[in-house]
Amino acid sequence: MFTFNVKIDEPSLRKELRLVQQEVLKVLADRGQELFEDDVMGTWENKYPVSQQAIGLNERDIVVTGDIFFYLNDGTDIRYAKMTTDFVPKTDVNELVSEAGQGGFSHLTFPFANPGIEARNFDQSVARQLEKEAPTILD
């Protein structure tokens with residue numbers, strides 16, 4: 001039997017692995033940003049800027065400047081906006097699809113509260129979609 005050893009210098013291996021990891025993360029974040037821009041905001045008249053921000057070596061935040069998406073993503077307990085009787089939201093809970101919607105804002109009811117906005121969970125929906133697509137994206 002003949003055995004020989006191949007050894008890679010650890011510091012250089014770690015550096016190479018970090019570079020690969022960062023590239024994979026960037027590819028997945030680019031796809032997550034694309035899903036949000038195309039699927040969630042697809043039918044919106046106002047296209048809010050979407051960007052990415054690196055958080056250390058292992059994370060990237062996808063940043064949407066429109067405050068409305070904070071409220072839509074997380075939901076609210078109450079709201080003071082009364083919507084028109086024909087109102088149909090553009091987005092649904094746990095879905096990445098944006099539809100035409102219908103109606104809109106009617107008037108404020110302050111100090112009387114209406115039921116809040118049901119959380120759409122865009123962040124979780126994007127994460128689930130990326131998990132499904134990751135093997136194909138990284139191929």
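Are any residues in the stretch 109-128 surrounded by 12 or more Cβ atoms within 10 Å (Cβ to Cβ) and outside any loop (DSSP other than H, G, I, E, B), and if so, which ones?
ASN114, PHE122, ASP123, GLN124, SER125, VAL126, ALA127, ARG128 - these are the residues of the stretch 109-128 that are surrounded by 12 or more Cβ atoms within 10 Å (Cβ to Cβ) and outside any loop (DSSP other than H, G, I, E, B).
Report yes if some residue within the stretch 115-126 is charged (D, E, K, R) and under 23 Å from LEU138 (Cα atoms); otherwise report no.
Yes: one or more hits.
For (1) of a type in the set (D, E, K, R); (2) under 10 Å from the mean Cα position of the chain (by Cα); (3) surrounded by 10 or more Cβ atoms within 10 Å (Cβ to Cβ), each residue gets a yes or a no:
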site	(1), (2), (3)
ALA29	no, yes, yes
GLU34	yes, yes, yes
GLY42	no, no, yes
LYS47	yes, no, yes
SER51	no, no, yes
ARG60	yes, no, yes
ILE68	no, no, yes
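Determine which single condition SER12 fails, assuming it passes every other condition in (1) without any contact (Cβ under 8 Å) to a residue 12 or more places away in the chain; (2) under 29 Å from ALA127 (Cβ atoms).
Of (1) without any contact (Cβ under 8 Å) to a residue 12 or more places away in the chain; (2) under 29 Å from ALA127 (Cβ atoms), only one is false for SER12: (2).
Give me the pairs, please: first residue somewhere in the stretch 74-102 and without any contact (Cβ under 8 Å) to a residue 40 or more places away in the chain and closer than 27 Å to GLU34 by Cβ, second residue anywhere and charged (D, E, K, R) and surrounded by fewer than 12 Cβ atoms within 10 Å (Cβ to Cβ), beta-carbon distance under 8 Å, and either six or more positions apart or on two chains.
GLN102/ASP86
Scan ILE78, ILE8 and give me the residue that is modelled with pLDDT of 90 or more, exposed (fewer than 13 other Cβ atoms within 10 Å of the Cβ) and of a type in the set (A, V, I, L, M).
Result of the check over ILE78, ILE8: ILE78.
Output the residues belonging to the stretch 53-73 that are touching a residue at least 24 places away in the same chain (Cβ under 8 Å), more than 14 Å from VAL24 (Cα to Cα) and assigned to a strand (DSSP E or B).
Scanning the stretch 53-73 gives ILE62, VAL64.
Examine the stretch 35-44 for a residue that is part of a helix (DSSP H, G or I), farther than 29 Å from PRO115 by Cβ and modelled with pLDDT of 90 or more, and state whether such a residue exists.
yes
Counting only residues that are surrounded by 13 or more Cβ atoms within 10 Å (Cβ to Cβ) and either part of a loop (DSSP other than H, G, I, E, B) or polar (S, T, N, Q) (or both), how many does the stretch 81-91 have?
4
The values are calculated or read from the model by the stated rules, or taken from the named source; none is laboratory data. All values derive from a computational prediction rather than experimental measurement. Quick reminder, even Gly has a Cβ in these numbers, built from the backbone with ideal geometry, and neighbours come from all protein chains shown.
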